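I have placed the structure first, in the form of structure tokens, so that the comments after it can refer back to it.
The values are calculated or read from the model by the stated rules, or taken from the named source; none is laboratory data. All values reported here derive from a predicted model rather than from experimental measurement. Neighbour counts run over all protein chains shown; Cβ positions are idealised from the backbone, glycine included. The protein model used for the area step is the full one, side chains on, heavy atoms only, and it has no ligands, DNA or RNA in it. Shrake-Rupley method; radii C 1.70, N 1.55, O 1.52, S 1.80 Å.
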Amino acid sequence: MIRDITIGQYFTGHSALHRMDPRTKLVLTIAYIVVLFLTDSLPGYLLAIGLLVLCYKLAHIGLKVILRSLKPVIPLVLFTGILNMFFISGDVLWHWWIFRITQQGLYFAAIMSVRIICLIAGTSLLTYTTSPIALTDGLERLLAPLAKLHFPVHELAMMMTITLRFIPTLVEETDKIMSAQKSRGADMETGGLIKRVKALVPILIPLFVSSFRRADELALAMECRCYRGGEGRTRMRQLHMGGVDLAATAVMALICAGIILCNYLPL
Amino acid sequence: MAIIKTTDLTYIYNAGLPTQTTAIKDINIEIEEGAFVGVIGHTGSGKSTLIQHLNGLLRPTSGKVYIDGRDIWAHKEQIRQVRFDVGLVFQYPEYQLFEETVYKDIAFGPGNMDLSDSEIDSRVKQAAEAVELSPADLQKSPFELSGGQKRRAAIAGVLAMEPKILILDEPTAGLDPRGRDTILKLITRYHQEKKNTILLVSHSMEDVAKFASKVLVMSDTGVLMYDTVQAVFSHAQQIRQIGLSIPQITQIFIQLADRGYPVPRNVYSVEQGVHEIQKLLQGREGGKP
């Protein structure tokens, strides 16, 4: 159950998307998000969806995984969809008491839902095909110019690496502690709000204790290996841009240009 | 009648994801009431998954689990009762301690069972006594105790529910030899006094041979053997093939027998070994002219 969370999960693989430089992937993902919000036409959305389908095909990630990652955002999609449906004025299609649905409202509801779904699926693809270490590495390199302004880029990247590294560990630990307390008859599934909040205490306290213990051990282990921050630190794995990155950037640029041009099509 | 019975028990983790793995497959076992079963097997052989099915923490992908003849998933809302009947002590159970005092922590399990305060109190005291924690220890914070004491306090938390079946997943992992011996001694004594069914997951063939009456060998998501200690360890070759070992003392006696000494090959404890060696030496002295 708690293990079923797939957001932020990484699936190992050797596809073109896996081999891309994390910096390219980060930049292209951001570009994709921007373009999603610039799109204003049906062909544009079709292109955006098509690009996503192509990328998922390339990365060999199945529909089931996408659907799972979308599950948590269904309430959000429904909420924005329904809100847009009722509150946008235009040509009334149906109305009852103070509620009315307009043609424009329906259109906007559909567009917003597609936007959110593309957004989640697109950004999930980044973490599905990039290991957390590579991701923070890429981020650190991308933000490197900010270090000149005394922005703690390395520390930030290290914090992110550690956080990402420990999410699966903590999920597993939570699962284990929950199982242990359930074995002692802890009941987390029934009862009112107060009872449920109280039922969390036997899980949260051991989790806190073990997080502190882990932090302590990690700090010690890092110090044992002479970690002293980012200054003068070299890397075992250098990041390299290659042909894949060039090709991906070209394809992305073309499609983005296509999507934006679609806005000006006389439809 | 068997107190634990499983039929075609199968469990698959992450079904449908690229990371899908079968943890256990078509497990059929029957464990008699009052048995002390040692569960051995390699990491990833499915031991932990199997034991988590026995108290209903995991729901089988297919197959059934019967405790005392009842299908535990027949009434989903009664699954908590199953957890009181089948006490499960996880690996490193001291990480689950959370209350302000050891007393309160041990009382957490019985407290969930809707018992009267006096009943809870007597159960906590009995459980503490069974694991040799003093009344003074009971008033301490669990985080003040030593490693071995914490472990014992956590085990007491499960004993206090007075389960019919007690399952312990490597209760001695990470303890020093003395702590290990204490825990094993306490478990054996508890078994002798209460006559309940015990499943002990262990990596130590010595411990299993010494304490268990039966051995369940798991290998590659299935049950390889379920038999008496003698019967299981007499298949030394097969046990070695799946990457497990047989008790050291047994290895020594098999090698002695291979070199022509008149000793039995089925020696499973050091005490028995000492006895056999003495017999051998006396026989020689007596045989000398």
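Looking at B:VAL201, B:VAL208, B:VAL223, B:VAL215, which one is touching a residue at least 12 places away in the same chain (Cβ under 8 Å) and over 13 Å from the mean Cα position of the chain (by Cα)?
Checking each option against the conditions leaves just B:VAL223.
Quick check on the range A:65-78. Is at least one of its residues touching a Gly at 6+ places or on another chain (Cβ under 6 Å) and either part of a helix (DSSP H, G or I) or crowded, with 17+ Cβ neighbours inside 10 Å (or both)?
no
Please go through the range B:114-125 and give me each residue that is open to solvent by 60 Å² or more (accessible area, probe 1.4 Å) and either aromatic (Phe, Trp, Tyr) or part of a helix (DSSP H, G or I) (or both), ordered by number.
Listed by number, the residues that qualify are B:ASP117, B:SER118, B:GLU119, B:LYS125.
Taking the range B:80-113 as the region of interest, how many residues are surrounded by fewer than 22 Cβ atoms within 10 Å (Cβ to Cβ), of a type in the set (A, V, I, L, M, F, W, C) and more than 9 Å from every other protein chain (Cβ to nearest Cβ)?
The qualifying residues number 1.
Could you look through the range A:178-211, keep only residues that are more than 14 Å from B:ASN112 (Cβ to Cβ), more than 10 Å from chain B (Cβ to nearest Cβ) and part of a helix (DSSP H, G or I), and pick out the one that is least open to solvent (accessible area, probe 1.4 Å)?
Across the range A:178-211, the extreme among qualifying residues is A:SER211.
Hey, could you check the range A:241-259 for residues that are within 24 Å of the chain's Cα centre (by Cα) and either in a loop (DSSP other than H, G, I, E, B) or β-branched (Val, Ile, Thr) (or both) and say which is nearest to A:GLY44 (Cα to Cα)?
Per the stated criteria, the residue is A:ILE259.
Pick from A:ALA109, A:ALA134, A:ALA121, A:ALA147: which is closer than 30 Å to A:ARG228 by Cα, crowded, with 19+ Cβ neighbours inside 10 Å and away from every other protein chain (no Cβ under 14 Å)?
A:ALA134
Pick out, from the range B:126-233, the strands (runs of 3 or more DSSP E) lying fully within it that include 3 or more residues that are open to solvent by less than 10 Å² (accessible area, probe 1.4 Å).
B:165-169, B:197-201, B:214-219
Could you give me the residue pairs with C-beta distances under 9 Å whose first residue belongs to the range B:243-266 and is free of Cβ contacts under 8 Å to residues at least 24 places away in the same chain, whose second residue is of a type in the set (Gly, Ala, Ser) and outside any helix (DSSP H, G or I) wherever it lies, and which are 6+ apart or on separate chains?
B:GLN251/B:SER245
Return the residue satisfying two criteria in turn: it lies in the range B:1-48 and is aromatic (Phe, Trp, Tyr) and surrounded by fewer than 23 Cβ atoms within 10 Å (Cβ to Cβ), and of such residues it is nearest to the other protein chains (Cβ to nearest Cβ).
B:TYR13
Determine if the range A:40-60 includes at least one residue that is at pLDDT 85 or above, under 30 Å from A:GLU172 (Cα atoms) and not in a helix (DSSP H, G or I).
yes
Take the residues of the range B:50-66 that are surrounded by 21 or more Cβ atoms within 10 Å (Cβ to Cβ) and among the β-branched types (Val, Ile, Thr): which is farthest from A:SER183 (Cα to Cα)?
Taking the candidates together, the pick is B:VAL65.
Does B:ILE277 count as assigned to a helix (DSSP H, G or I), without any contact (Cβ under 8 Å) to a residue 40 or more places away in the chain and farther than 20 Å from B:SER48 by Cα?
yes
Quick check on my filter: what residues within the range B:49-79 are of a type in the set (Gly, Ala, Ser) and more than 10 Å from chain A (Cβ to nearest Cβ)?
Within the range B:49-79, B:SER62, B:GLY63, B:GLY69, B:ALA74 qualify.
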